[in-house]
Amino acid sequence: MELEKLRHGTELIKRGFAKMQKGGVIMDVTTPEQARIAEEAGAVAVMALQAVPADIRKAGGVARMADPQIIADIIDTVTIPVMAKARIGHFVEAEILQALGVDMVDESEVLTPADHKYHIEKTDFTVPFVCGARNLGEALRRMNEGAAMIRTKGEAGTGDVSEAVKHMKQIQGEIRALKGMTREEMTRIAREIEAPVELVVETAQMQRLPVVNFAAGGVATPADAALMMRLGADGVFVGSGIFKAEIPEKMAVAIVEAVNNYDNPEVLAKISKGIGAGMKGISVDTIPQDQVLQTRGW
Amino acid sequence: MLIGVIAIQGDVSEHVDALVRALEERGQSADIVTIKHKGIVPDCDALILPGGESTTLGRLLIREGIADEIRQMHLLGKPILGTCAGLILLAKEGDEQVRKTHQHLLGIMDTKVNRNAFGRQRESFETGLELTFLDSPYKAVFIRAPGIVGCGEDVTILAKMDGMVVAAEQGNILALAFHPELTDDLRVHQYFLDKLF
């Protein structure tokens, strides 16, 4: 192979990888065994991390990138893509994940941020990134830094889908509001939401985010997953929702099938039966303000 | 004319957009339908299996009852295009990985495939690729791409890379390891539509 003619890590390749995940479910896993269960259930990718958000929430302390040995073991175990989380701004964790061969890095507010001012400059990497967002400005700022995929932040580890719903509706609403605007008006909006005007214009023309947008944070049942798809998500991340459920194997399969049948209530009814209880969860409004994860990241 | 795009998972809308533009370019019309459930494939005159995760796609094609319909369609000689994951699903035989994960294959093309033949995502690449049916290189985007490592006599090789076949056809089936739907160059979709019109 004439290697000098090959171009790696271009925007087309990074965004292209994210597109291949569309219509799929990406599951949080902490061990190779869980990764195998996720693959068997039909996950399009797994997200390797030290502890699922519900446990991170319980444990407190500083949450960091997962143990590289465990990530390497997960990579050896499954053939679907393996993603892993790095702390916001922690470009060295991201470099280590890239060196390990992970297929996508999640610069995630679920971990304790390493930098309270700057996100990772993602264009420097060959590996693509996914970042969380609660509104259009946040999404476009992350894209401007090089994110190839956006996900709603939701409120991870709660099993309460309401924040993911809020963020998805917020982003979709802001995109609809751009329709028919003049460039002059979009320049004004760009200033208000602190995003580059070219990305605002591109979003207005496409009438969707220019990169793939998944739902995340609080998805705990097949109905939750279908709801997020109905609201316009390109796919779904499930964190604590699977391995904190009564029967993870059944919940995983049901959520995959729900994403594929999100517009068919008859099928969803069938899928949702006999799968055991979902994760217990906690309502978002009972969480003390200093323990809210979604506000990390600006 | 009705062209189906399997829409269980993967980059479906990109193929639909490419088809719309390719049809416009040739001044011909056809209806395009996205397919998630059984019962629609038999009405189609041509079919596209898009890129995505082949493990997921294979499993759901069986679960939804679409796999057998695609095999029937092939027996009728209708054009089928498979890109990336689609190339894997069309194959008769897979590698060790395919066996390990009990991957479901449609087995309608006499090929043996190696999944992720070029490595993981960090090894994904774009390059100018020589295709036998085009007179200038095509910007081919390979994402965790597979390669064909063995072909039967009826299979025509259209492009090779690093000793592996990355584009091939067998009758009306066209299999590509790269993603023509991710670029603006419509020549590959046009080549496929030539089989239909």
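Observations
- Neighbouring Cβ atoms from other chains, within 10 Å of the Cβ of residues in B:46-54, number 3 on average.
- Overall form of region A:83-238 per C-alpha gyration tensor (a/c, 1.5; a/b vs b/c): oblate
- Solvent-accessible area of region A:1-137 (1.4 angstrom probe, protein heavy atoms only): carbon and sulfur portion equals 50 percent.
- Remark: chain B carries 36 Å² of accessible area per residue (probe radius 1.4 Å; ligands, DNA and RNA excluded).
- Derived scalar couplings ³J(HN,Hα) [region A:153-166; Karplus, 6.51 cos²θ - 1.76 cosθ + 1.60; whole Hz; x for Gly, Pro]: 7, x, 10, 4, x, 9, x, 10, 7, 4, 6, 4, 4, 4
- What you get for region A:164-208, charging only the Cβ of Lys and Arg (+1) and of Asp and Glu (-1), is a dipole of about 260 debye around the Cα centre.
- In the protein assembly as shown, helical runs assigned H by DSSP with n ≥ 4 each contribute -39500 (n - 2.57); averaged across all residues and rounded to the nearest 500, the mean residue ellipticity at 222 nm is -10500 deg cm²/dmol.
- Carbon plus sulfur fraction of accessible area for region B:78-148, probe 1.4 Å, in percent: 46 percent
- Annotation for region A:209-298: trypsin sites (Lys or Arg not before Pro) lying in DSSP loop with at most 14 further Cβ atoms inside 10 Å of their Cβ are A:273, A:280.
- Pairwise burial B:A, computed as accessible area of each alone minus the pair, summed, 1.4 Å, Å²: 3500 Å²
- Across region B:80-143, the mean sequence separation of Cα contacts (distance under 8 Å, 6 or more residues apart), normalised by length, yields a relative contact order of 25 percent.
- Both the radius of gyration and Dmax for region A:214-298 are 13.6, 41 Å, in that order, over alpha-carbon atoms.
- Dipole of region A:90-233 computed with +1 at Lys/Arg Cβ and -1 at Asp/Glu Cβ about the Cα centre; of A:114, A:100, A:233, farthest Cα towards the positive end is A:233.
- Cross-link pairs beyond the 18 Å C-alpha cut-off, checked among B:38/B:112; A:19/A:270; A:5/B:160; A:14/B:139; A:85/A:153; A:85/A:122: B:38/B:112; A:19/A:270
- Summing Cβ point charges (Lys, Arg +1; Asp, Glu -1) relative to the Cα centre of region A:109-253 gives a dipole of roughly 320 debye.
- The GluC sites (Glu not before Pro) of region B:90-170 meeting both criteria, a DSSP state outside H, G, I, E and B (loop) and at most 14 other C-beta atoms within 10 angstrom of the site's C-beta, are B:153.
- Fluctuation leader among B:51, B:39, B:107 - chain B, Gaussian network, Cα springs under 10 angstrom: B:39
- Set of lysines near residue A:244 by C-alpha distance (under 16 Å), chain-local residues within fewer than 8 positions excluded: A:58, A:280
- Heavy-atom accessible surface of region A:149-233: percent carbon and sulfur, 1.4 Å: 51 percent
- Global geometry of chain A, whether rounded, prolate or oblate, following the gyration tensor of its Cα atoms and the 1.5 cut on a/c: rounded
- Karplus-derived HN-Hα couplings along region A:203-220 (A = 6.51, B = -1.76, C = 1.60, θ = phi - 60°), whole Hz, x at Gly and Pro: 5, 4, 5, 6, 6, 6, 5, x, 10, 4, 10, 9, 9, 7, x, x, 6, 10
- Cα shape, region B:52-175, gyration tensor, a/c 1.5 rule: oblate
- Counts of other chain beta carbons within 10 angstrom of each beta carbon in peptide B:144-153 average 1.
- Note that chain A presents 40 Å² accessible area per residue, ligands and nucleic acids not counted, probe 1.4 Å.
- Solvent-accessible area lost in complex, 10 Å² minimum, residues of region B:1-42 relative to chain alone, 1.4 Å: B:8, B:9, B:10, B:11, B:13, B:14, B:36, B:37
- For region B:60-72, the Karplus equation 6.51 cos²θ - 1.76 cosθ + 1.60, evaluated at θ = phi - 60°, returns couplings of 6, 4, 6, 4, 8, x, 8, 3, 5, 5, 5, 4, 4 Hz by residue, with Gly and Pro reported as x.
The values are calculated or read from the model by the stated rules, or taken from the named source; none is laboratory data. Owing to the predicted nature of the structure, the values given are computational and were not obtained by experimental measurement. For neighbour counting, all protein chains shown are included, and Cβ atoms are generated from backbone atoms with ideal geometry for every residue, glycine included. Protein only, heavy atoms only, side chains kept; ligands, DNA and RNA dropped before computing areas. Shrake-Rupley method; radii C 1.70, N 1.55, O 1.52, S 1.80 Å.
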